[in-house]
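Laboratory data are not the source of any read-out in this text; all were calculated from the coordinates shown. As the structure is a prediction and not an experimental result, all values here were calculated from the model. Cβ: placed from backbone, ideal geometry, glycine included. Neighbour counts: every protein chain shown.
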């Protein structure tokens, strides 16, 4: 193993805090292009595999039958900020399936972005389930269930056909038996989340990006979803979110999706690469620095200017309440 | 070195994320009672040493001359939540010195506690400098400056007498030369923050708690401030804050103060002990679990029931948006 990948936050002339990263980048043949840290340890991918979870929506024909457009598909893969545009579109997708907010089983939370939450509070409003960052994914789940003629109630349970289809896709793309030979848990939005070795998620995204070692229809579904996210990155995340900056830096050439507890997954379609990373302690700030540094490393031999852009995204100046620069976040070992 | 102190967050049947802790507990003679991790590495103590920073307010006679009461002294050591009771008292302390909000140089931020921020937004208000979690400490700085007949403007600068006095106290209690033989930076509220080996902060609090190896007047000042915080813990923190739970679990017997980037410092006066801890990655959730586990360990030989109480505080059930238990935070290796 090479040098540890450590994300440092500095203050003045010293390192104040340190995060350890695990990183895997693979090609379609399953060959490792870059490995750092513990890549065989099971990791909960959380929202970073929402593309995997949305594949049945395409494969079963629900997306086309219900007329979901590119923006709807991006929202189906989203951890969105609960801004008005996200909320309205989630409601519109549900309406296409003849359903509404009350059919969601993801729960309510205030938007994570403080600015969005404060705007909602200022208007005297409270969040409903449409504001949940996962409401687009859940709307997609419900579309598939309705299209399949299934009772949508309880669609978050592991035994419901919706979640069984998701698990089958995950099993196929990671070559694991989710929940059987790997740890399982419940996600923030109440659906099952299945762990797998970090490397297997990178391989899964590489399968989709390259079309290698995977069913052609499945690869096409994954590519269609990633293309939708790259075309409409704001719907997949929100204003000033890292996923948007990462995808807008190389339009149509980089797919990157965050997950809770310091996870990022994604793909570089034209290079046929998939990547997955996990910050050992779960910190988002470190995951965001690491994914940019990984993309800089991936692009360096192919496009120096693009590599520079990602290198710049990997470093963040930290400012105090008066706006004074007091330190930075930077990834080392990549 | 013994086992690593690791704070685990679990999901389902697996560990999802891990935090590494550094811990030092010392007695008044400077003898280590408990050491874990890297205790000689310089750490920015941030707000965990606000008691040290408030000592000049007592020593110079400003607190008594201006009639600051126990609640005011707790607020002078606070990282408060910006609730109405904090804001009003900060304004009242400033008024005792003939000053107001505009004399503060700590900057503005929305209260960190979401509930408090949303309440403010709902009322159509914006935070001012009194809402800054450090406004009580800054009010104390200004009281001392006014009492000393100093121009209060620029009191946050390292060269201002206010900050020079703070640095002298820090040098004395940690036996370092802050900013000379140790790293220095700027804190969130614009004042200098000086790093020192983690162990030296534990020793500093042990000096104050025990009265050993420190000037008697300085120990008395430190004890008076810690007693004020223990008597009025809400003013030092806020509603549902960890510092409050930790101090209310053993009224008058435990002083515990959080600092940004995963720091906690404190003392157990009746045992003459001081403690300091730093989470390597800066996570608050891990610092809160660790300090409770350290207090459980400290009390175990002396008071089993109290140790149980801290042991319970060291474990937190994690719930998703629907309220389902999905995992826990727990400290291991202590």
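Here are the numbers for the structure shown:
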quantity	calculated
Highest average packing first - B:133-141, B:245-253, Cβ atoms within 10 Å	B:133-141, B:245-253
For chain A, convex hull volume per residue from C-alpha positions, Å³	124
Theoretical gain in end-to-end length, residue B:150 to residue B:91 [0.36 nm per residue, Cα-Cα removed]	19.2 nm
Sites residue B:69 and residue B:157, calculated FRET efficiency, Cβ-Cβ separation with R0 30 Å, nearest 0.05	0.55
Partner chain coverage, peptide A:184-195 - average Cβ within 10 angstrom	5
Relative packing of peptides A:208-215, B:43-50 - highest average C-beta neighbours within 10 Å first	B:43-50, A:208-215
Gaussian network model of chain B, springs between alpha carbon atoms under 10 Å - residue of B:302, B:131, B:22 with greatest fluctuation	B:302
Copy-to-copy label separations for residue B:13, where each label sits 7 Å from Cα toward Cβ, in nm and ascending	5.3
Peptide A:6-17, shielding by other chains (average Cβ, 10 Å cutoff)	6
Average other protein chain Cβ within 10 Å of Cβ, residues A:126-134	1
Inter-label distance for residue A:40 and residue A:102, nm, one decimal - labels placed 7 Å from Cα along Cα-to-Cβ	5.3
Teacher prompt: residue A:100 distances to equivalent labels in other copies, 7 Å Cα→Cβ, nm	5.1
R0 of 41 Å, Cβ-Cβ distance residue B:270-residue A:180: FRET efficiency to nearest 0.05	0.15
Overall Cα dimensions of the range A:38-160, principal axis frame, Å, largest first	45, 42, 27
Where the Cα pairs of the range A:108-170 fall when distances are cut into 5 Å bins, in %	4, 17, 20, 18, 11, 11, 11, 7, 1
Paramagnetic label zone (point 7 Å from Cα along Cα-to-C-beta, residue B:13; backbone N under 19 Å) in the range A:131-166	A:157-160, A:164
Separation of alpha-carbon centers, the range A:86-127 and the range B:130-149, rounded to whole Å	42
Mean Cβ count within 10 Å, highest first, over the residues of peptides A:230-237, A:123-130	A:230-237, A:123-130
Residue order, fewest to most beta carbons within 10 Å, for B:20, B:94	B:20, B:94
Separation of alpha-carbon centers, the range B:17-84 and the range A:191-250, rounded to whole Å	46
